[in-house]
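What follows is one structure encoded as structure tokens, with my remarks underneath.
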Amino acid sequence: MCGIVGYIGPRDAYPILIKGLKRLEYRGYDSAGIALLNEGLNVYKCRGKVADLEAFIHDKDISGTLGMAHTRWATHGEPNDVNAHPHFSQSENLAIIHNGIIENYQTLKEELINRGHQFSSDTDTEVLIQLVEDIIENENVELEEAIRIALNQVVGAYAIVIISKDDKDTLYVARKGSPLVVGIGENEFFLASDATPIVEYTKNVVYLDDEEIAIIRRNGDFKIKTIKNKEKTPYIQKLELNLSALEKGGFDHFMLKEIYEQPKSILDSIRGRLRPNGEVILGGILDYEQKIFNARRIIIIACGTSWHAGLVGEYLIEDIARIPVEVEYASEFRYRNPVITEDDVVIAISQSGETADTLAAIEMAKSKGATILGICNVVGSSIARATHAGVYTHAGPEIGVASTKAFTAQVTILILLALRIARKKGHITQSKYHQYFHEIELIPEKIEKTLMVNKFVKEIAEKYKGARNFLYLGRGYNFPVALEGALKLKEISYIHAEGYPAAEMKHGPIALIDEEMPVVFIAPNTGTYEKVVSNIEEVKARKGKIIAIVTEGDTAVRRLADYVIEIPETEEFLTPLLATIPLQLLSYHIGVMRGCNIDQPRNLAKSVTVE
Ligand code: AGP
């Protein structure tokens, strides 16, 4: 996510703003910028780190007691100097910084261009500030009212700060869907995306609510109103958390924070893509849809957790969209001289967008004429730039080495792709399509509900933290989930674990079963549920310890298992998004209990940029 900081008061703003950006670096970003109001409205910004920004402006005018600064996590527009924030309005009388996604920015941009506006960046943010200025000019209203009118036209999420060259005593802020905190000091105000940059100056904060605009003046006036022009009384809270806890949003580790972010990250992954008219639109690959629809075969290439997401994709696309799919480890694919033709579509999946094997596999497939699409989480990453087109997962920065929210976001994009292909190729009835479409919309709240098993999963972790081996078993859509659950446990707790198709157990692994062997079954009441129940009985007959992920209300498995973890009812193809959550939590708690380094496990890197 982007980072926002702002200041107005008697002190020089520059050192406070730069230090604030450094407090927010943990959020992940690709460029940084600052605006300072003194004699003029000075904006300095560049791609890279805060240190690069400091070097860039070391000889510039950094005076001013009112300012704002921003670290950008690119969602629209490559990470570069031009797309970095702050963005000027056309007159350069206004400047804005923004965290969020303006979904209808293209429509607004076209209207503004038709009214003579020119744009210098590819961002949705610049559209917003140009819209505000357009309203001031054409509706003859003041800045505060223009902001309110503009935000009523915006669809999407925003946390914004706006400064006007002509008003050296006011900061204008607003939020919807992205957090914004106001710190109240002695004759000074602080702004930030979270309380981390504020806590050292004041413990008195106001968390803006959605669709609220705050007008903050140097004389101490602090007014809040809604975008529907309703006055609100600021609710001042006392900060309790310390700095380290604040960076992790109050969680002990980034991994747990990111597990709990999944309702929002999946909402962001579908935002603007499940359209009110019932269409599924993946804008980034629209130009390649015919290639996809007519593909002889889809080849998914990835590594690690992303490969597991790709395996879910195979089940999804073949089952729902009826196109042959194969999933390849990129590290194997790149060297085995595969048969690839121009009728093949390759989909590369990568959270970091920098995995060396995946990048090399892309180049090899491209050289053989395949169409290459990407599913990445980092805008402008090497893999994103190496593909012909792609879809960003919009999961936000994933700091923990163990991939959690990126996995569910990747699966979400593959679900949308399968549904889009199925509908366009006529492989799904209207009623089934709308049934699936609606069920996808319910997933964020079903994940929220699934997260409520955390305390119970922690009890299970306490019971099995000493196990030397685990077996994870699943069938169909949840066979990849078994693999992913095993990988999570291995990389976070260093316990050996294997994932297997449940039916495969009889071909060897069943020899491992004894009273020391915890066996995790993914057993939702969908697909081959009865077969999985039989597999559970086979393990029970051999005194294996059974932990089962079941659909809420299940009774058959409850009679057999030592522990059952319930997930909400959903369509079979959506069960991986829910079943994964308890497995992420299980590996997390066992890892904590074993004293492992959760966010930086031994031997691992967040992005494997070497072979
Ligand atoms: C997953 O928890 C691991 N961190 C690892 O397997 C990871 O998924 C793999 O290295 C691929 O990374 P990517 O998605 O950034 O390409």
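Laboratory data are not the source of any read-out in this text; all were calculated from the coordinates shown. Every value quoted in this text rests on a predicted model; they were computed, and no experiment measured them. Virtual Cβ from ideal backbone geometry, glycine too; neighbours counted across all protein chains shown.
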Problem set entry | Exceeding the 28 Å Cα-Cα cut-off - candidates K264/K463; K455/K540; K45/K203; K264/K291 | K264/K463; K45/K203; K264/K291
Exercise. How much net charge surrounds V401 when only the other residues with a Cβ under 12 Å from the Cβ of V401 are counted, with Lys and Arg +1 and Asp and Glu -1?
Worked result: -1
Problem set entry | Principal axis dimensions, largest first and in whole angstrom, of the chain by Cα | 79, 53, 46
Seminar exercise, completed: Taking only the alpha-carbon atoms of segment 1-101, the convex hull volume per residue, in cubic angstrom, is 91 Å³
Exercise. In nm, to one decimal, how far is the modelled label at E137 from the one at E439, with both set 7 Å along Cα→Cβ?
Worked result: 5.1 nm
For this session: Enter the angle in degrees (range 0 to 90, nearest 10) between the Cα long axis of helix 529-541 and the first principal axis of the Cα atoms of the chain, meaning the one along which they spread out most.
Result: 60 degrees
Problem set entry | Of I266, I598, I216, farthest towards positive along the dipole that unit charges on Lys, Arg, Asp, Glu beta carbons give the chain | I598
For this session: Compute the Rg to Rh ratio over segment 231-332 from the alpha carbon atoms, using the Kirkwood formula for Rh, and round to two decimal places.
Result: 1.15
Seminar exercise, completed: In whole angstrom, largest first, the equivalent ellipsoid semi-axes that the Cα gyration tensor gives for segment 399-473 are 34, 15, 13
Exercise. Once the mean 1/r over all distinct Cα pairs of segment 278-353 is inverted, what Kirkwood radius in angstroms do you read off?
Worked result: 13.2 Å
Exercise. Which Cα, out of G527, L256, L316, lies furthest along the positive dipole direction of the chain (beta carbon charges, K/R +1, D/E -1)?
Worked result: G527
For this session: Return the percentage of antiparallel bridges among DSSP beta bridges fully within the chain, rounded to the nearest 5 %.
Result: 60 percent
Exercise. What whole-number value in cubic angstrom gives the convex hull volume per residue for the C-alpha atoms of segment 163-206?
Worked result: 78 Å³
Exercise. To the nearest 20 debye, what is the magnitude of the charge dipole of the chain about its Cα centre, counting +1 on the Cβ of each Lys and Arg and -1 on the Cβ of each Asp and Glu?
Worked result: 1360 debye
Exercise. In Å and whole numbers, how far do the C-alpha atoms of segment 429-481 stretch along each principal axis, longest first?
Worked result: 50, 25, 9
Problem set entry | Mean shadow area of segment 311-446, taken as a quarter of the surface of its Cα convex hull (nm²) | 8.7 nm²
For this session: Work out the P(r) tail for segment 193-265: percent of alpha carbon pairs separated by more than 13 Å, whole number.
Result: 73 percent
Exercise. With Rg and the Kirkwood Rh both taken from Cα atoms, where does Rg over Rh land for segment 28-161?
Worked result: 0.96
Exercise. With the calculation restricted to Cα positions, what are the radius of gyration and Dmax of segment 485-611 in angstrom?
Worked result: 15.6, 48
Problem set entry | Using distinct alpha-carbon pairs, which all enter the 1/r mean, Kirkwood radius of segment 435-540 in Å | 15.0 Å
For this session: For segment 40-84, state the average projected area of the convex hull of the C-alpha atoms over all orientations, rounded to one decimal in nm².
Result: 3.5 nm²
Seminar exercise, completed: Square roots of five times the C-alpha gyration tensor eigenvalues of segment 104-236, ordered largest first and given in whole Å, equal 27, 15, 14
For this session: Taking the Cα centre of segment 369-496 as origin, work out the dipole magnitude from +1 charges on Lys and Arg Cβ and -1 charges on Asp and Glu Cβ, in debye rounded to 20.
Result: 260 debye
For this session: Write down Rg/Rh for segment 1-59, rounded to two decimals, with Rg from the C-alpha atoms and Rh from the Kirkwood relation over Cα pairs.
Result: 0.94
For this session: Using only Cα atoms, tell me the angle between helix 575-593 and the longest principal axis of the chain; keep it within 0 to 90° and round to the nearest 10.
Result: 80 degrees
For this session: Normalising by the residue count of the chain, find the relative contact order in percent from Cα pairs under 8 Å and 6+ residues apart.
Result: 10 percent
For this session: From the P(r) of segment 342-421, can you give the percent of Cα pairs sitting at distances over 21 Å?
Result: 25 percent
Seminar exercise, completed: With Cα coordinates, the longest principal axis of the chain makes an angle with the long axis of helix 105-114, in degrees rounded to 10, of 40 degrees
For this session: May I ask for the net charge around V280, where only other residues with Cβ less than 14 Å from the Cβ of V280 are counted and Lys, Arg are +1 while Asp, Glu are -1?
Result: +4
Exercise. How long, wide and thick is segment 132-186, going by the Cα atoms along their three principal axes, in whole angstroms, largest first?
Worked result: 37, 29, 13
Exercise. How big, on average over all directions, is the shadow cast by the Cα convex hull of segment 342-382, in nm²?
Worked result: 2.5 nm²
